[in-house]
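The values are calculated or read from the model by the stated rules, or taken from the named source; none is laboratory data. Quantities reported herein were computed from a predicted structural model and do not represent experimental measurements. In this analysis, Cβ positions are derived from the backbone assuming ideal geometry, glycine residues included, and neighbour counts consider all displayed protein chains.
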Ligand code: AMP
Ligand code: MG
């Protein structure tokens with residue numbers, strides 16, 4: 001008697017790399033939008049860091065990080081099935097000047113995959129940054145160094161944990177292949193994820209080349225995929241500009257409230273989704289200085305902390321100019337752009353009320369806020385620690401003031417402001433414990449200070465990636481008190497005073 005044993009070939013394991021469904025909707029745009037090309041392989045890649053939270057968004061099991069297939073795929077050495085790798089063209093204004101054609105000089109879009117995100121398109125695009133030369137590399141080498149890749153990775157995930165819209169970072173892989181910057185450095189590839197990587201500069205590209213057909217195709221693509229609710233608006237293109245302007249204003253208000261400085265707010269780094277994009281010489285405010293410039297290459301201070309709202313608005317104007325052929329009337333463009341200031345003001349005002357633990361509004365609050373920024377500026381008090389420690393203030397008991405008061409060179413100035421703040425809290429019968437809990441939910445204890453990133457980078461450059469992983473774990477819970485991680489909330493050490501972050505990446 002013959003017995004046949006049915007052999008069941010197991011399908012791909014749930015959450016495995018093989019289960020990722022990839023296709024590329026962007027590739028459906030006309031050919032002039034991009035160049036199809038494969039990433040350039042890197043020798044002997046290794047995993048530097050990976051984000052389990054990011055992986056979970058696309059249904060990928062973090063166990064996969066250990067597999068060579070994962071490392072090869074996200075270095076660009078093996079293509080995942082369904083990928084249609086391409087680099088997109090765009091243009092932009094850099095430091096206020098029209099720069100003409102730029103494009104993905106070192107980024108390759110693999111495609112998109114279904115994702116657990118609440119907003120359309122319910123998918124995330126996967127992009128390799130530093131994956132080799134493209135037709136848009138200009139003078140560059142198509143690569144990214146380990147240092148800047150770790151910074152982008154950590155900050156993307158840190159911003160997400162802070163609740164600030166951002167592109168995500170799945171992982172960083174490294175290779176011993178050397179490239180030249182100020183000195184020779186090793187190469188890395190960062191895998192980024194976003195619903196779309198379309199930039200203001202993508203629109204400017206078709207406007208300035210007179211290709212209004214492509215301008216329309218791009219706007220339709222963005223509306224269809226990311227803003228489907230605008231499809232039926234009376235003037236969809238005007239509605240798109242207004243919504244992008246609104247989101248951008250809200251985003252910058254969130255940056256200001258947490259002390260984040262982007263560093264290179266060129267129009268080619270502005271996302272059409274209003275998310276933080278293209279992390280380069282960014283920084284978090286430490287010793288408060290409203291005019292602080294985090295990018296060492298920005299000698300004029302165009303992108304200083306206090307300039308960000310104005311510059312973001314200016315960038316929206318650049319987008320509005322580019323969309324004029326679609327919208328038709330300059331007045332309609334202006335009407336859409338007029339959304340910026342009220343949206344920014346209202347968002348920042350709400351965030352500041354939250355940061356100070358104020359539940360109500362009073363007409364005079366603006367002067368309380370102004371007085372606060374004046375004393376922060378005069379004493380160069382640490383921005384993050386100030387708000388965090390302020391949460392411990394007790395309305396009727398100044399004996400708890402020391403930790404926050406100690407941040408000020410001019411203690412008397414703090415005392416004078418605290419008097420005003422206390423009477424304001426009394427007027428709304430603020431409860432100390434409740435207020436403290438609420439403030440701790442919006443004022444982070446842990447942000448990606450440059451010196452923390454630097455320490456992790458220096459270890460990683462010696463092939464010890466443990467500090468990158470540890471720092472990621474700390475930054476994933478920025479609002480929590482984390483026993484044993486107090487040092488990560490400390491003021492920068494003396495050596496950090498000389499840290500300079502430039503456009504070199
Ligand atoms: P960024 O200021 O980093 O946003 O870059 C501006 C432009 O330069 C973009 O088009 C980038 O793709 C391109 N770029 C930056 N670094 C490189 C590089 N190493 N190789 C090729 N292109 C680059
Ligand atoms: Mg860029």
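Structural remarks
- In the stretch 105-123, the qualifying residues are those that are under 25 Å from residue 206 (Cβ atoms), touching a residue at least 60 places away in the same chain (Cβ under 8 Å) and crowded, with 18+ Cβ neighbours inside 10 Å, and the one that is nearest to ligand 1 (Cβ to nearest atom) is 107.
- Of all residues in the stretch 192-224, those satisfying the criterion of being part of a helix (DSSP H, G or I) and over 18 Å from residue 102 (Cα atoms) are 212, 213, 216, 217, 219, 220, 221, 222, 223, 224.
- Conditions (1) away from ligand 2 (no atom under 16 Å from the Cβ); (2) crowded, with 21+ Cβ neighbours inside 10 Å; number of the one not met by residue 325: (2)
- Condition met for residue 187 (touching a residue at least 60 places away in the same chain (Cβ under 8 Å), crowded, with 24+ Cβ neighbours inside 10 Å, away from ligand 2 (no atom under 15 Å from the Cβ) and closer than 20 Å to residue 62 by Cα): no
- Matching residues in the stretch 443-473 - criterion: being out of contact with any helix residue (DSSP H, G or I) (no Cβ under 7 Å at 6 or more places or on another chain) and either crowded, with 19+ Cβ neighbours inside 10 Å or not in a helix (DSSP H, G or I) (or both): 449, 462, 463, 464, 465
- Filter result for residue 299 (free of Cβ contacts under 8 Å to residues at least 60 places away in the same chain and either within 16 Å of ligand 1 (Cβ to nearest atom) or outside the structural domain of residue 93 (by TED's automatic domain parsing) (or both)): yes
- The set of residues in the stretch 375-401 that are farther than 25 Å from residue 429 by Cβ and either surrounded by fewer than 13 Cβ atoms within 10 Å (Cβ to Cβ) or free of Cβ contacts under 8 Å to residues at least 12 places away in the same chain (or both) is empty.
- Residues in the stretch 468-505 that are within 16 Å of ligand 1 (Cβ to nearest atom) and within 16 Å of residue 154 (Cβ to Cβ): 501, 505.
- Test: residue 259 is more than 16 Å from ligand 2 (Cβ to nearest atom) and at positive phi: yes
- Qualifying residues in the stretch 138-155 (those that are under 15 Å from residue 39 (Cβ atoms) and away from ligand 2 (no atom under 13 Å from the Cβ)) - the one surrounded by the most Cβ atoms within 10 Å (Cβ to Cβ): 149
- Of everything in the stretch 264-276 that is more than 9 Å from ligand 1 (Cβ to nearest atom) and in a loop (DSSP other than H, G, I, E, B), the residue that is surrounded by the fewest Cβ atoms within 10 Å (Cβ to Cβ) is 274.
- Selected residue (criterion: surrounded by the most Cβ atoms within 10 Å (Cβ to Cβ)) from residues of the stretch 302-322 that are within 16 Å of ligand 1 (Cβ to nearest atom) and more than 25 Å from residue 149 (Cα to Cα): 315
- Residues satisfying the stated conditions in the stretch 139-171, i.e. within 17 Å of residue 52 (Cβ to Cβ) and more than 16 Å from ligand 1 (Cβ to nearest atom): 154, 157, 158, 159, 160, 161, 168, 170, 171
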